[in-house]
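Participant: Handing you a structure now.
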Amino acid sequence: MAANDNELWWASETFWKKTTIWTTAVMFLVLVGLTLDTMSQIQVGGKRVPAYSAINHRIDYKMDESRHAQVPVIGIEEPLFGKKLTEQEAEALVDHGKLTMHAKNCMDCHTILGNGAYYAPDLTKAWLDPYWGSRGVREELMVAFIKDPTDKIHNSLGRRMPNLGVTDTEAHAVVAYLKWMSTIDTNGFPNNFKPIDQEN
Amino acid sequence: MTALRALDSANLNGGQKLAVKYFTVALALLGVQITFGLLAAVQFVMPDFLFGVVDFSIKRMVHINAMIVWMVFGFIGSVYWMLEEEAGAPTVGLKLGNIIFYVFTAAVLVVVAVYLLVQTGPGEIETQWFITEGREYTEAPRWADIGIVVCLLTFFYNVAATFSKGKVTGIGGVLLLDLVALAGIYTLGMFYTTNLTMDQYWWWWVIHMWVEATWEVMVGCMMAYGLMKVLGTSRKIVTTWLYLEVFMMFGSGILGIGHHYFWIGTPQYWLSIGGFFSALEPLPLVAMVVHAVYDAGVHKSRNNNHPAMGWLIAHAFGNFFGAGVFGFIHTLPQINLYTHGTQWSASHGHFAFYGAYATIIIAFFYIALQKWRGDVWMSGNLFGGWKWKWSMVLLNVGMLGMIMGMLVAGFAQSQIERAIGGATWTAFFAAQEHPWFVQGMHWRLAFGTMFAAGYALLVWDLLTIGKRETRPVQSHDDAALEAK
Ligand code: HEM
Ligand code: HEM
Ligand SMILES: [Fe+2]
């Protein structure tokens with residue numbers, strides 16, 4: 001331990017140096033182990049992060065009593081824009097949507113899974129937001145809004161979303177991405193969210 | 001009439017000449033950060049302000065990217081500042097270091113110009129390579145990522161080569177390992193995937209591991225050096241403390257990353273692991289306060305550079321309160337469920353980045369200026385000493401006011417939008433429209449203006465401090481004697 005016998009161990013430089021190196025190494029290895037496990041659990045198509053083709057189905061967000069948290073529920077077949085996609089087509093569409101959200105920097109106004117900026121609503125469950133009215137009009141309203149939101153104001157502050165030059169194709173892809181995003185199991189975040197009525 | 005003291009680079013060693021270049025750009029970019037922060041804050045109060053011209057997202061992106069870059073410049077500058085003294089050898093690769101400095105600065109200008117003039121691109125991968133990556137903090141396009149890593153590696157080479165020519169002190173050893181980790185971690189965020197959960201998992205490795213691990217260790221090294229310089233604390237004491245701090249920092253902070261893995265699709269065990277280890281993260285920050293205050297006490301606060309000492313103490317407390325206390329209050333999952341992604345995060349983010357990092361870099365500006373002016377007196381009755389004091393008051397009070405404004409807004413938001421409203425679109429605006437929230441945003445703007453005034457005074461002070469001083473720097477022995 002201490003190089004010098006007169007020195008108290010807890011005041012010794014070498015003692016703390018060794019402790020630091022060992023602790024860092026152990027913590028790092030534990031993190032690597034947890035990361036490997038997490039990687040296996042968050043593959044697309046698994047339980048936590050569903051396959052892209054989930055957009056062919058109705059998505060809901062319901063209380064799971066055993067977990068004491070709301071969880072996404074993939075329900076009956078209900079294809080997006082009325083067109084059922086193969087796994088590859090769904091992936092391509094969702095991917096295009098995600099690329100668009102990077103390219104327009106949506107995350108520097110909105111939060112996504114709660115991360116990002118705090119100027120505009122969280123988009124984690126935007127697909128399920130009751131403000132869209134009803135299941136019948138939602139898809140087209142979302143596309144229209146994302147393409148040109150400037151004259152569609154929904155709050156008394158006058159805070160508007162700008163026109164970001166999102167094309168029609170991109171807007172459809174973004175909606176697919178948002179729908180897919182709502183299927184991710186986020187351990188109950190957001191809590192107490194009341195989804196849009198999709199029964200009729 | 002005595003001649004004015006000039007800023008003379010003959011007073012500096014090779015590494016220090018390069019350091020002051022980095023410091024100059026850092027200070028200028030802090031100005032850019034503040035400008036865009038104010039513009040963004042105005043838009044919370046006047047939504048049509050610059051709407052469709054420079055949208056909120058663009059202002060915010062410039063605001064936080066300017067911050068990352070000025071702090072990285074501040075760190076690089078600080079390392080070059082200490083390097084020769086620590087290693088006991090002249091800096092290796094200064095020519096390369098200078099080239100990298102100009103390339104880095106030019107690249108930053110290009111990135112910002114593209115942000116402001118091009119702003120967004122089509123939804124294709126090329127946009128991420130040349131315009132923006134569109135991920136918070138790491139918005140810089142991919143080419144710039146690669147550039148940053150190259151710059152950091154060249155910098156690392158210079159530092160490592162200098163230490164290996166001279167001697168590797170305890171501080172030096174910690175610094176070297178830290179720089180490797182810093183550059184390595186950054187590369188983990190440099191990929192694209194459709195899988196959002198995977199994307200955010202690795203993105204947090206970059207963000208969290210930078211600010212709560214490698215940057216904290218960096219400032220631990222800077223503090224160790226600063227206390228030796230300013231107070232005359234012994235090397236053995238600062239080195240032992242440094243190890244202790246790094247031990248606690250990595251011991252808690254590495255698994256503490258789990259506090260970002262509660263709600264992004266990652267497994268449930270992160271709730272316990274992240275909650276537990278991140279709750280320990282304030283411990284090293286307590287240790288740092290104890291260390292700084294104890295050392296200052298031992299030396300009866302007598303020191304040869306009052307502004308630097310003031311900012312070092314501000315750093316110790318700012319780090320503890322901003323990162324430690326304000327981090328702790330929302331780090332348990334039971335609370336974070338309601339505060340995640342609200343003004344709480346913004347309040348903590350400002351307090352932590354300012355308290356932990358802005359402060360200590362400013363302390364280094366003062367340490368540098370003292371020597372640059374030819375080891376000038378910076379103790380009591382400093383000529384024009386009101387300037388550093390008032391700028392410090394305006395900056396600290398301005399920041400605290402902004403933080404409180406955001407925290408109050410955050411309280412309202414977590415209750416109204418989250419707990420009651422369940423985070424829907426309507427609930428979001430129910431909170432944003434609430435008078436408590438609106439008032440918070442006004443306070444942020446008012447105190448932000450005060451902060452900006454403090455910055456202006458800081459710049460003025462840095463340009464002039466010591467100019468009309470005739471006394472040379474006070475020696476540690478004299479300072480100690482005076483204390484008796
Ligand atoms: C100097 C060190 C630190 C800095 C600079 C810092 C900065 C930040 C920033 C800027 C964010 C917001 C990230 C975003 O934009 O989404 C954040 C989030 C967070 N920080 Fe820190 N932090 C520090 C230390 C800590 C510590 C020590 C703790 C815990 C004890 C902590 C707990 C958290 C938590 C829980 C979040 C997530 C907030 C959310 O869910 O929205 N931080 N931090
Ligand atoms: C005049 C002073 C400043 C003003 C008015 C200001 C204003 C703002 C605004 C409006 C945002 C966007 C928040 C949102 O998304 O809703 C922001 C974000 C941010 N600012 Fe500032 N800011 C100022 C100075 C600073 C300083 C000095 C620092 C750090 C040293 C800083 C660090 C940050 C960080 C880290 C974020 C991202 C926070 C997060 O995502 O949680 N700001 N600021
Ligand atoms: Fe963190």
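Participant: Here are some residues: B:MET249, B:MET228. Which one is more than 8 Å from every other protein chain (Cβ to nearest Cβ) and within 16 Å of ligand 3 (Cβ to nearest atom)? Show your work before the answer.
Facilitator: Values: B:MET228 fails: within 16 Å of ligand 3 (Cβ to nearest atom).
One residue alone meets the criteria, B:MET249.
Participant: In the set A:GLY136, A:GLY97, which member is open to solvent by 20 Å² or more (accessible area, probe 1.4 Å) and either more than 7 Å from chain B (Cβ to nearest Cβ) or not in a loop (DSSP other than H, G, I, E, B) (or both)? Working first, answer last.
Facilitator: On the way: A:GLY97 fails: open to solvent by 20 Å² or more (accessible area, probe 1.4 Å).
Criteria check complete, one pass: A:GLY136.
Participant: I would also like to ask the following. Can you confirm whether segment B:6-29 contains a residue that is within 16 Å of ligand 2 (Cβ to nearest atom), open to solvent by 40 Å² or more (accessible area, probe 1.4 Å) and among the β-branched types (Val, Ile, Thr)?
Facilitator: no
Participant: Right, next: Which residue pairs have Cβ atoms under 6 Å apart, sit 6 or more places apart or on different chains, and have a first residue in segment B:256-267 that is near ligand 3 (Cβ under 6 Å from one of its atoms) and a second that is outside any helix (DSSP H, G or I) and hydroxyl-bearing (Ser, Thr, Tyr)?
Facilitator: Partner pairs satisfying both residue conditions: B:HIS259/B:THR331.
Participant: How many of the residues making up segment B:259-272 are part of a helix (DSSP H, G or I) and open to solvent by 40 Å² or more (accessible area, probe 1.4 Å)? Steps first, answer last, please.
Facilitator: Of segment B:259-272, the ones part of a helix (DSSP H, G or I) are B:259-260, B:269-272.
Subset that is open to solvent by 40 Å² or more (accessible area, probe 1.4 Å): B:269, B:271-272.
So the count comes out to 3.
Participant: May I pose another question? When the residues of segment B:300-336 are narrowed to those that are over 30 Å from A:PHE189 (Cβ atoms) and of a type in the set (A, V, I, L, M), which ends up surrounded by the fewest Cβ atoms within 10 Å (Cβ to Cβ)?
Facilitator: The selected residue is B:ILE313.
One line per residue, one yes/no per condition, for (1) open to solvent by less than 10 Å² (accessible area, probe 1.4 Å); (2) more than 16 Å from ligand 1 (Cβ to nearest atom); (3) part of a helix (DSSP H, G or I):
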| position | (1), (2), (3) |
| --- | --- |
| B:ALA3 | no, yes, no |
| B:GLY37 | no, no, yes |
| B:TRP70 | yes, no, yes |
| B:VAL103 | no, yes, yes |
| B:VAL111 | no, yes, yes |
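Participant: Considering only segment B:344-381, state which residues are under 27 Å from B:GLY401 (Cβ atoms) and more than 16 Å from ligand 1 (Cβ to nearest atom). Talk me through it step by step, then tell me what you get.
Facilitator: Keep residues of segment B:344-381 that are under 27 Å from B:GLY401 (Cβ atoms), which gives B:344-366.
Matches in segment B:344-381: B:PHE364, B:PHE365, B:TYR366.
Participant: Given the conditions (1) in contact (Cβ under 8 Å) with a residue 60 or more places away in the chain; (2) within 7 Å of chain B (Cβ to nearest Cβ); (3) aliphatic (A, V, I, L, M), and given that A:ALA90 satisfies all but one, which numbered condition is not satisfied?
Facilitator: Status for A:ALA90: all satisfied but (2).
Participant: Here is a follow-up. Could you say whether any residue in segment B:127-135 is open to solvent by 40 Å² or more (accessible area, probe 1.4 Å) and touching a Lys or Arg at 6+ places or on another chain (Cβ under 7 Å)? Give the derivation first.
Facilitator: Initially, segment B:127-135 is screened for residues open to solvent by 40 Å² or more (accessible area, probe 1.4 Å), giving B:129-130.
Those still in the list that are touching a Lys or Arg at 6+ places or on another chain (Cβ under 7 Å) too: B:129.
Yes, segment B:127-135 contains at least one residue that is open to solvent by 40 Å² or more (accessible area, probe 1.4 Å) and touching a Lys or Arg at 6+ places or on another chain (Cβ under 7 Å).
Participant: Another question, if that's okay. May I ask you to say which residue of B:TRP377, B:TRP372, B:TRP386, B:TRP443 is away from chain A (no Cβ under 14 Å), within 21 Å of B:SER301 (Cα to Cα) and open to solvent by 50 Å² or more (accessible area, probe 1.4 Å)?
Facilitator: Details: B:TRP377 fails: open to solvent by 50 Å² or more (accessible area, probe 1.4 Å); B:TRP372 fails: within 21 Å of B:SER301 (Cα to Cα); B:TRP443 fails: within 21 Å of B:SER301 (Cα to Cα).
When all the criteria are applied, what remains is B:TRP386.
Participant: OK, next. Does any residue of segment B:318-334 turn out to be under 19 Å from B:SER414 (Cα atoms) and more than 14 Å from ligand 3 (Cβ to nearest atom)?
Facilitator: Start the filter on segment B:318-334 by keeping residues that are under 19 Å from B:SER414 (Cα atoms), which leaves B:325-334.
From the residues that got through so far, the ones that are more than 14 Å from ligand 3 (Cβ to nearest atom) too are B:325, B:334.
Among the residues of segment B:318-334, at least one is under 19 Å from B:SER414 (Cα atoms) and more than 14 Å from ligand 3 (Cβ to nearest atom), which makes the answer yes.
Participant: Just to check your reading of the model, which residue among B:MET228, B:MET198 is at pLDDT 95 or above and over 21 Å from B:ILE68 (Cα atoms)? Break it down stepwise before answering.
Facilitator: On the way: B:MET228 fails: at pLDDT 95 or above.
Of B:MET228, B:MET198, the one residue that is at pLDDT 95 or above and over 21 Å from B:ILE68 (Cα atoms) is B:MET198.
Participant: Something else now. Looking only at residues that are more than 14 Å from every other protein chain (Cβ to nearest Cβ), of a type outside the set (D, E, K, R) and without any contact (Cβ under 8 Å) to a residue 40 or more places away in the chain in segment A:35-71, which one is most open to solvent (accessible area, probe 1.4 Å)?
Facilitator: Within segment A:35-71, the first condition is being more than 14 Å from every other protein chain (Cβ to nearest Cβ), and the residues that meet it are A:56-60, A:65.
Imposing the further condition that a residue be of a type outside the set (D, E, K, R) reduces the set to A:56-57, A:59.
Now drop any that are not without any contact (Cβ under 8 Å) to a residue 40 or more places away in the chain, which leaves A:56-57.
Working: A:ASN56: 7, A:HIS57: 54 Å².
Restricting to residues being more than 14 Å from every other protein chain (Cβ to nearest Cβ), of a type outside the set (D, E, K, R) and without any contact (Cβ under 8 Å) to a residue 40 or more places away in the chain, the top hit is A:HIS57.
Participant: To continue, here is another question. Got at least one residue in segment B:78-89 being assigned to a loop (DSSP other than H, G, I, E, B) and closer than 26 Å to B:GLY172 by Cβ? Can you show your working first?
Facilitator: Our first condition is that a residue be assigned to a loop (DSSP other than H, G, I, E, B); within segment B:78-89, this holds for B:88-89.
Pick out the ones that are also closer than 26 Å to B:GLY172 by Cβ and you get B:88-89.
Scanning segment B:78-89 turns up at least one residue that is assigned to a loop (DSSP other than H, G, I, E, B) and closer than 26 Å to B:GLY172 by Cβ.
Participant: Okay, next question. B:VAL53 is checked against (1) outside any loop (DSSP other than H, G, I, E, B); (2) within 14 Å of chain A (Cβ to nearest Cβ) and fails just one. What number does that condition carry?
Facilitator: Answer for B:VAL53: the failing condition is (1).
Participant: Run down B:MET61, B:MET46 and say which single residue is touching a residue at least 24 places away in the same chain (Cβ under 8 Å) and either facing chain A (nearest Cβ under 9 Å) or crowded, with 21+ Cβ neighbours inside 10 Å (or both). Don't jump to the end; show me each part of the working.
Facilitator: Details: B:MET46 fails: touching a residue at least 24 places away in the same chain (Cβ under 8 Å).
Residue meeting the stated conditions: B:MET61.
Participant: Kindly establish whether A:LYS179 is in contact (Cβ under 8 Å) with a residue 24 or more places away in the chain, open to solvent by less than 10 Å² (accessible area, probe 1.4 Å), facing chain B (nearest Cβ under 9 Å) and outside any loop (DSSP other than H, G, I, E, B).
Facilitator: On the way: in contact (Cβ under 8 Å) with a residue 24 or more places away in the chain: yes; open to solvent by less than 10 Å² (accessible area, probe 1.4 Å): yes; facing chain B (nearest Cβ under 9 Å): no; outside any loop (DSSP other than H, G, I, E, B): yes.
So A:LYS179 does not fit the description; no.
Participant: Among the listed residues B:TRP210, B:TRP202, which satisfies the condition of being without any contact (Cβ under 8 Å) to a residue 24 or more places away in the chain and within 15 Å of ligand 3 (Cβ to nearest atom)? Talk me through it step by step, then tell me what you get.
Facilitator: Working: B:TRP210 fails: without any contact (Cβ under 8 Å) to a residue 24 or more places away in the chain.
Only one candidate qualifies: B:TRP202.
Rundown of residues vs (1) touching a Phe, Trp or Tyr at 6+ places or on another chain (Cβ under 6 Å); (2) away from ligand 2 (no atom under 15 Å from the Cβ), yes/no style:
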| residue | (1), (2) |
| --- | --- |
| B:GLY405 | yes, no |
| B:ALA412 | yes, no |
| B:GLU417 | yes, no |
| B:ILE420 | no, yes |
| B:ALA423 | yes, yes |
| B:TRP436 | no, yes |
| B:ALA446 | no, no |
| B:THR449 | no, no |
| B:ALA452 | no, no |
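Participant: Given the options B:GLY297, B:GLY256, B:GLY251, name the one that is farther than 20 Å from B:ILE361 by Cβ and open to solvent by less than 10 Å² (accessible area, probe 1.4 Å). Steps first, answer last, please.
Facilitator: Numbers: B:GLY297 fails: open to solvent by less than 10 Å² (accessible area, probe 1.4 Å); B:GLY251 fails: open to solvent by less than 10 Å² (accessible area, probe 1.4 Å).
None of the other options fit; the residue is B:GLY256.
Participant: Still on this structure, please answer the following. Residue under question is B:PHE411, and the condition is that it be open to solvent by less than 20 Å² (accessible area, probe 1.4 Å) and away from ligand 1 (no atom under 13 Å from the Cβ); does it hold? Before you say what the answer is, go through the steps one by one.
Facilitator: Working: open to solvent by less than 20 Å² (accessible area, probe 1.4 Å): no; away from ligand 1 (no atom under 13 Å from the Cβ): yes.
So B:PHE411 fails the test.
Participant: Same structure, new question: Taking segment B:136-148 on its own, how many of its residues are open to solvent by 20 Å² or more (accessible area, probe 1.4 Å) and away from every other protein chain (no Cβ under 14 Å)? Let's see the steps before the verdict.
Facilitator: Start the filter on segment B:136-148 by keeping residues that are open to solvent by 20 Å² or more (accessible area, probe 1.4 Å), which leaves B:137, B:143, B:146-148.
Remaining after also requiring away from every other protein chain (no Cβ under 14 Å): B:143, B:146-148.
Final tally of qualifying residues: 4.
Participant: Of the conditions (1) open to solvent by 50 Å² or more (accessible area, probe 1.4 Å); (2) free of Cβ contacts under 8 Å to residues at least 40 places away in the same chain; (3) farther than 29 Å from B:MET441 by Cα; (4) β-branched (Val, Ile, Thr), A:ILE74 clears all except one; give me its number.
Facilitator: Result: A:ILE74 passes all but (2).
Participant: Still on this structure, I have one more. Would you please name the residue that is nearest to the other protein chains (Cβ to nearest Cβ), looking only at residues in segment B:338-364 that are open to solvent by 10 Å² or more (accessible area, probe 1.4 Å) and more than 16 Å from ligand 3 (Cβ to nearest atom)?
Facilitator: Step one: list which residues in segment B:338-364 are open to solvent by 10 Å² or more (accessible area, probe 1.4 Å), which gives B:338, B:340, B:344-346, B:348-354.
Still in the running and more than 16 Å from ligand 3 (Cβ to nearest atom): B:338, B:354.
Numbers: B:TYR338: 7, B:TYR354: 18 Å.
Among those that are open to solvent by 10 Å² or more (accessible area, probe 1.4 Å) and more than 16 Å from ligand 3 (Cβ to nearest atom), it is B:TYR338.
Participant: Could you please find all residues in segment A:113-123 being of a type outside the set (Asp, Glu) and either in contact with a Pro (Cβ under 6 Å, 6 or more places away or on another chain) or at the interface with chain B (Cβ under 7 Å from one of its Cβ atoms) (or both)? Can you show your working first?
Facilitator: Pass one, segment A:113-123, residues of a type outside the set (Asp, Glu): A:113-121, A:123.
Scanning segment A:113-123 gives A:LEU113, A:GLY114, A:ASN115, A:GLY116, A:ALA117, A:TYR118, A:TYR119, A:PRO121.
Participant: For a quick check of your reading: which helices (runs of 4 or more DSSP H) sit entirely within segment B:179-258 and have at least 2 residues that are within 21 Å of the chain's Cα centre (by Cα) and within 16 Å of ligand 2 (Cβ to nearest atom)?
Facilitator: On the way: elements: B:196-209, B:215-230, B:235-256.
Ranges flagged: B:196-209, B:215-230.
The values are calculated or read from the model by the stated rules, or taken from the named source; none is laboratory data. A quick note: this is a predicted structure, and the numbers were derived from the prediction, not measured. Ideal geometry is used to build each Cβ from the backbone, glycine not excepted, and the neighbour counts take in all protein chains shown. For accessibility, only protein heavy atoms count, side chains too; no ligands or nucleic acids. Shrake-Rupley method; radii C 1.70, N 1.55, O 1.52, S 1.80 Å.
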